[in-house]
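The values are calculated or read from the model by the stated rules, or taken from the named source; none is laboratory data. This is a predicted model, so every value here is computed, not measured. Every residue, glycine among them, receives a Cβ derived from its backbone with ideal geometry; neighbour counts consider all protein chains shown.
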Amino acid sequence: MFRTTGALVAAALGASILITPSPASATSDWVWKCYGTQVKRCATVVWDQTADTFRARAKITDVAGGGSYQVKVTNVKLLRTNRSDYVTVRSAKDYDGWHDTEDSAATVTVDPCSFPGESFTVVATFSWKGASSGEKTWRPNQAWGHLCD
């Protein structure tokens, strides 16, 4: 059985590394990576510190004061890096339709220690319609890893 000694957050290109000790608290919503002004699109890998598991989360929000958009997020995937390739570990289609202000989706969890030495990232499809419509599949330039013994 693996025992977690900490978590590692590293930029996909290795620009920053943060090692976080494993406290006995519930869920850690690590830094959301977001972009967009009128429609804010965000994604992260969430670490449940108690269960030592990862899940991918994504959300889209119609920003107040911008155009009035309906939004949805679909096809959320938790990816693991395998050398220079990405492999889908968990996915959530989340076809629950359009929402007036915000939509979010998350995958089921995975034990990161089942993939020693590999990091994880998230990808999702964000859609919006209103004054102008759009759709973008996006992955933040950040990866998360776990140190296990």
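Scanning for something closer than 21 Å to E118 by Cβ and either modelled with pLDDT of 90 or more or not basic (K, R) (or both), does the stretch 60-73 turn up at least one residue? No, there is no match, as no residue in the stretch 60-73 is closer than 21 Å to E118 by Cβ and either modelled with pLDDT of 90 or more or not basic (K, R) (or both).
Is it true that G36 is small (G, A, S), at positive phi and either buried (at least 22 other Cβ atoms within 10 Å of the Cβ) or touching a Ser or Thr at 6+ places or on another chain (Cβ under 9 Å) (or both)? For G36, the condition - small (G, A, S), at positive phi and either buried (at least 22 other Cβ atoms within 10 Å of the Cβ) or touching a Ser or Thr at 6+ places or on another chain (Cβ under 9 Å) (or both) - is met.
Assessment of the stretch 110-132 against the conditions (in contact (Cβ under 8 Å) with a residue 12 or more places away in the chain, surrounded by 15 or more Cβ atoms within 10 Å (Cβ to Cβ), touching a helix residue (DSSP H, G or I) at 6+ places or on another chain (Cβ under 8 Å) and among the aromatic types (F, W, Y)) yields at least one matching residue.
Taking the criterion of being outside any strand (DSSP E or B) and surrounded by 12 or more Cβ atoms within 10 Å (Cβ to Cβ), the residues of the stretch 69-104 that qualify are Y69, D94, W98, T101.
If I filter the stretch 76-104 down to residues being acidic (D, E) and closer than 16 Å to A43 by Cα, which single residue comes out as farthest from the chain's Cα centre (by Cα)?
So, considering only residues that are acidic (D, E) and closer than 16 Å to A43 by Cα, the one farthest from the chain's Cα centre (by Cα) is E102.
Looking only at residues that are polar (S, T, N, Q) and not in a strand (DSSP E or B) in the stretch 105-127, which one is nearest to the chain's Cα centre (by Cα)?
T107
Restricting attention to the stretch 128-149, the residues being within 27 Å of G67 (Cβ to Cβ), of a type outside the set (F, W, Y) and part of a strand (DSSP E or B) number 5.
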